[in-house]
Amino acid sequence: MPDAEIQEILTEIAAKKAKANELALEFRRLYRESQKAWADEDKELAKQLSEEGHETQAKCEALNEEVKGLYRDLKELNAKRRGLFSQDNLPSMALRGMPSTFQEAVIETLKLLPSHHISAKLIERVSYSDRYVVNPQTKIPKQAELVSWKIGGKPYIRINRQTREGFTEIEDLKIAVAHEIGHVVYRKFLTDGQRAEWEASFKHKKGDSEDSFAQCYALYYLRKEWLAEEHVMVKQFFDQLNL
Ligand SMILES: [Zn+2]
């Protein structure tokens with residue numbers, strides 16, 4: 001994905017550098033001619049050439065600043081791309097015993113989330129269990145669960161057998177995985193103030209506020225257009241969280 005983006009930035013850098021070099025030659029020439037005019041005692045011309053030189057130099061320096069900014073963008077993009085598949089992130093971890101269709105769906109999902117949310121510093125791994133688990137109260141199958149969250153420890157995400165018969169909707173599974181990450185983000189990234197604000201504004205009638213946050217987190221990253229249309233306030237809340 002970022003290859004085209006990186007190429008674009010490199011092209012822009014090359015063009016701006018070439019232009020900056022041209023300007024550098026130009027302002028040096030103007031300064032030289034100004035000095036010459038000064039030596040010839042043509043003060044008027046010397047002043048004019050010197051001013052032109054300064055203007056050109058300023059343009060050249062502004063371009064060099066832009067180039068520096070582009071290099072920073074490039075560095076960030078590269079880090080992002082490396083980060084996604086580095087040792088520190090979930091996609092590179094063992095997705096143990098997982099059917100390959102699930103694995104692909106999980107990796108695709110994780111790629112859509114900010115990479116610091118899926119750091120191995122926060123989440124142990126994603127694994128698969130062939131057990132079919134149903135919430136005893138709601139009778140809704142638990143497609144994925146966040147398991148063994150001990151104080152100070154790392155949880156892992158367990159994907160369960162999707163239906164009694166086996167496999168169902170891959171899109172639902174993606175939402176379920178992002179939902180579990182949403183729980184982690186609620187606990188580890190939100191400030192107390194942000195959690196209070198969420199609770200006050202969006203607490204779902206039946207669910208708890210962490211769970212509704214987790215679900216909206218999943219929708220924000222996986223169904224943003226839908227969220228913007230159906231729940232504009234929620235979408236705006238997530239926008240301003242700047243996660
Ligand atoms: Zn939940």
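Could you identify the single residue in GLU165, GLU169, GLU210 that is among the acidic types (Asp, Glu), touching a helix residue (DSSP H, G or I) at 6+ places or on another chain (Cβ under 6 Å) and over 16 Å from LEU112 (Cα atoms)?
Checking each option against the conditions leaves just GLU210.
Residues checked against (1) out of contact with any Phe, Trp or Tyr (no Cβ under 8 Å at 6 or more places or on another chain); (2) over 30 Å from LYS111 (Cβ atoms); (3) in contact (Cβ under 8 Å) with a residue 24 or more places away in the chain:
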| position | (1), (2), (3) |
| --- | --- |
| LEU10 | yes, no, yes |
| GLN35 | yes, yes, no |
| GLN48 | yes, yes, no |
| GLU51 | yes, yes, no |
| LYS68 | yes, no, no |
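Counting only residues that are in contact with a His (Cβ under 9 Å, 6 or more places away or on another chain) and closer than 12 Å to PHE238 by Cβ, which one in the stretch 183-213 is nearest to the ligand (Cβ to nearest atom)?
PHE213
Run GLU41 past the list (1) part of a helix (DSSP H, G or I); (2) of a type outside the set (A, V, I, L, M, F, W, C); (3) more than 30 Å from LEU112 (Cβ to Cβ) and report the number of the one that doesn't hold.
Condition (1) is where GLU41 drops out.
Using the structure shown, decide if SER201 is of a type in the set (Ser, Thr, Tyr) and either surrounded by fewer than 12 Cβ atoms within 10 Å (Cβ to Cβ) or touching a strand residue (DSSP E or B) at 6+ places or on another chain (Cβ under 9 Å) (or both).
yes
Filter the stretch 77-105 down to the residues that are at pLDDT 80 or above and surrounded by 14 or more Cβ atoms within 10 Å (Cβ to Cβ), then identify the one that is farthest from the chain's Cα centre (by Cα).
Ranking the qualifying residues of the stretch 77-105, first place goes to PHE102.
On the given criteria, is SER209 at pLDDT below 90, more than 27 Å from LYS111 (Cβ to Cβ) and buried (at least 16 other Cβ atoms within 10 Å of the Cβ)?
Yes, satisfied.
Hey, VAL177 hits all of (1) surrounded by 14 or more Cβ atoms within 10 Å (Cβ to Cβ); (2) among the aliphatic types (A, V, I, L, M); (3) within 12 Å of the ligand (Cβ to nearest atom); (4) free of Cβ contacts under 8 Å to residues at least 24 places away in the same chain but one; which does it fall short on?
(4)
Against the definition (surrounded by 18 or more Cβ atoms within 10 Å (Cβ to Cβ), free of Cβ contacts under 8 Å to residues at least 40 places away in the same chain, hydrophobic (A, V, I, L, M, F, W, C) and touching a strand residue (DSSP E or B) at 6+ places or on another chain (Cβ under 6 Å)), how does ALA144 come out, yes or no?
Judged against the criteria, ALA144 is a match.
When the stretch 101-129 is examined, which residues are found to be part of a strand (DSSP E or B) and under 16 Å from ALA176 (Cβ atoms)?
VAL126, SER127, TYR128, SER129
Where in the stretch 204-243 are there helices (runs of 4 or more DSSP H), lying fully within it, with 1 or more residues that are more than 14 Å from HIS179 (Cα to Cα) and not small (Gly, Ala, Ser)?
224-230, 232-241
The rows are residues; the columns are (1) surrounded by 12 or more Cβ atoms within 10 Å (Cβ to Cβ); (2) under 27 Å from ASN242 (Cβ atoms); (3) at pLDDT 90 or above; (4) within 16 Å of the ligand (Cβ to nearest atom).
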{"residue": "LEU113", "(1), (2), (3), (4)": "yes, yes, yes, yes"}
{"residue": "ILE118", "(1), (2), (3), (4)": "yes, yes, no, no"}
{"residue": "ARG125", "(1), (2), (3), (4)": "yes, no, no, no"}
{"residue": "THR138", "(1), (2), (3), (4)": "no, no, no, yes"}
{"residue": "LYS150", "(1), (2), (3), (4)": "no, no, no, no"}
{"residue": "ARG161", "(1), (2), (3), (4)": "yes, no, no, no"}
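How many residues does the stretch 106-124 contain that are more than 14 Å from the chain's Cα centre (by Cα) and closer than 17 Å to ALA79 by Cβ?
The total comes to 2.
For the structure I just gave you, tell me whether GLU169 is of a type outside the set (S, T, N, Q) and either within 12 Å of the ligand (Cβ to nearest atom) or modelled with pLDDT under 90 (or both).
It is true that GLU169 is of a type outside the set (S, T, N, Q) and either within 12 Å of the ligand (Cβ to nearest atom) or modelled with pLDDT under 90 (or both).
The values are calculated or read from the model by the stated rules, or taken from the named source; none is laboratory data. Bear in mind that the values here come from a model prediction, so they are computed numbers and not experimental data. No Cβ is skipped: glycine too gets one built from the backbone with ideal geometry, and neighbour counts run over all protein chains shown.
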